[in-house]
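> Here you go, one structure.
Taken together, the values in this text are just the output of simple stated rules run on the coordinates, not laboratory data. None of the values given here were measured: they were computed from a predicted structure. So basically every Cβ, Gly included, is an ideal-geometry build from the backbone, and we count neighbours across all protein chains shown.
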Amino acid sequence: MQEGFPLVPRPFQEIGEKLGISEEEAIARISWMQEVGSIRQIGPIIDTRQLGYKGILAAIAVPSDRLDAVGARINSFREVSHNYLRPGPSGYNMWFTLSAPEERAAVILEEISSLGLPLIVLSTRHLFKIGVKFDFL
Amino acid sequence: MDDLDRRLLKACENGIPLQPRPYKLVGEELGISEDEVIARLRALIDSGVLRRFSASIGHLALGIVANAMIAWRAPEDGLDRLGRALARFPSVTHCYSRETANGWPYNLYTMVHSRSKEDCLQMAEEMARRVGIDDYQVLFSEREFKKTNARI
């Protein structure tokens, strides 16, 4: 399911057949995995570069008492896909990724910049690798 | 990709329903048939707009407790060679070159995941030694504020 979920009318039945379980059991097990967080979701993995979107990693230096508020503000943009607290000696501690058409990305960064905190914007130049599989699963 | 494709991707962006006929349910939302949903998703994969249609794994639940972003400072004229070299390590899941910023000279980025911080640090040391970069920072994620799939 990490490499590809069946695009057929009864996908859970197909998965069940591969594992020797019923469609009902496949759904029950996957629902359970989603509930506990082993699986986040089943859905499309969009290659936003194909749409001409700009990929950006940005970091902002947030005082510890403003982490929640600034985190919520940054997360409020649907174009922000990841946001982590990654403290380091530089002081830039909130790291987020953003993928959007260039003009939209500029608007979002302008709004985040208006928070008045130090911000660095690191646009993607080249993608060497993107993987998903975890061999030890 | 047309407007209906966009609406279809938005309808699926938080995950399809875990029901026997998920594509039928998605189609009902958009007023199209199950067959058309499936055909459009397949076409989006064929055209490269989708890398794939798949389950996204929640790392925390699987005991991959440490996730480190390693930022490397590579000489500009060796950037491509070093990017490719770092990407070849099996433990690296993502590898990008990026623009630098004022006061932040790092131009290559790799993600590694492991069960412990010590593991990640060891991986970073090993990678640094083998590719020959001595200026790098290992940034561990200490809190997840957001993690979703990219959206249109």
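> Rg and Dmax of segment A:63-137, Cα atoms, in Å?
For segment A:63-137, the Cα radius of gyration and maximum Cα-Cα distance read 14.2, 43 Å.
> List the relative contact order of segment B:3-46 as a percent without decimals, with contacts defined as Cα pairs under 8 Å and 6+ residues apart. Can you show the working numbers first?
Values: 26 pairs, mean separation 13.4, N = 44.
Relative CO of segment B:3-46 lands at 30 percent.
> Normalise the Cα radius of gyration of chain B by 2.2 N^0.38 Å (N = residues in it) and let me know the number.
1.34
> Moving on to the next point. Across segment B:66-140, what fraction of all alpha-carbon pairs, as a whole percent, falls in each successive 5 Å bin from zero upward?
Per 5 Å bin, starting at 0, the Cα pair percentages come out as 3, 18, 32, 27, 14, 6, 1.
> While we're looking at this one, here's another question. Would you calculate the separation in nanometres between label points at B:Glu29 and A:Lys18, each defined as 7 Å from the Cα along the Cα-to-beta-carbon direction?
It works out to 2.3 nm between the two label points.
> Quick one: A:Glu102, B:Glu34, fewest Cβ neighbours within 10 Å first, how do they rank?
Values: A:Glu102 12, B:Glu34 17.
Fewest-to-most Cβ neighbours within 10 Å comes out as A:Glu102, B:Glu34.
> What number do you get for the protein assembly as shown when its Cα radius of gyration is normalised by 2.2 N^0.38 Å, N = residues?
Numbers: Rg = 19.9 Å, N = 289, 2.2 N^0.38 = 18.9 Å.
Relative to the 2.2 N^0.38 Å estimate, the protein assembly as shown comes out at 1.05.
> Let me ask something additional. I need the P(r) histogram for segment A:7-56: all alpha carbon pairs, bin width 5 Å from 0 out to the longest distance, whole percents.
With a bin width of 5 Å, the distribution comes to 5, 18, 17, 18, 14, 8, 10, 7, 2.
> Past the 29 Å Cα-Cα mark, which pairs from A:Lys129/B:Lys147; A:Lys129/B:Lys10; A:Lys18/B:Lys117; A:Lys18/B:Lys146; A:Lys18/A:Lys54?
Numbers: A:Lys129/B:Lys147 19 Å; A:Lys129/B:Lys10 26 Å; A:Lys18/B:Lys117 36 Å; A:Lys18/B:Lys146 33 Å; A:Lys18/A:Lys54 39 Å.
Over 29 Å Cα-Cα: A:Lys18/B:Lys117; A:Lys18/B:Lys146; A:Lys18/A:Lys54.
> Decide, for chain A, between rounded, prolate and oblate: order the square roots of the alpha carbon gyration tensor eigenvalues as a ≥ b ≥ c, take rounded if a/c falls under 1.5, and otherwise choose prolate if a/b is larger than b/c, else oblate. The partial results should precede the final answer.
Numbers: a/c = 2.64, a/b = 2.02, b/c = 1.31.
Because a/c hits 1.5 or more and a/b exceeds b/c, chain A counts as prolate.
> With θ set to phi - 60°, apply the Karplus curve 6.51 cos²θ - 1.76 cosθ + 1.60 along segment B:136-152 and write out the HN-Hα couplings as whole Hz, x wherever there is a Gly or Pro.
With coefficients 6.51, -1.76 and 1.60, one gets 8, 10, 9, 10, 8, 7, 9, 7, 9, 8, 7, 8, 9, 7, 4, 10, 8 Hz.
> What is the distance in Å between the Cα centroid of segment B:93-152 and that of segment B:1-55?
33 Å
> Quick one: compute the contact order of segment A:1-43, relative version, from alpha carbon pairs under 8 angstrom and 6+ residues apart, as a percent. Don't skip to the answer; put the middle values down first.
Details: 24 pairs, mean separation 10.4, N = 43.
Reported relative contact order: 24 percent.
> Find the Cα radius of gyration of segment B:1-71, compare it with 2.2 N^0.38 Å by division, and give the number to two decimals. Intermediate values should be presented prior to the final figure.
Values: Rg = 15.3 Å, N = 71, 2.2 N^0.38 = 11.1 Å.
Output field value: 1.38.
> Here is a follow-up. Taking the simple approach of a point 7 Å from Cα along Cα-to-Cβ for both A:Met1 and B:Asp2, what is their distance in nm?
Here the answer is 3.3 nm between the modelled labels.
> Can I ask one more? May I ask you to evaluate 6.51 cos²θ - 1.76 cosθ + 1.60, the Karplus curve with θ = phi - 60°, for each residue of segment A:12-25 and list the ³J(HN,Hα) values in order in whole Hz, giving x for glycine and proline?
6, 5, 5, 5, x, 4, 5, 9, x, 10, 6, 4, 4, 5
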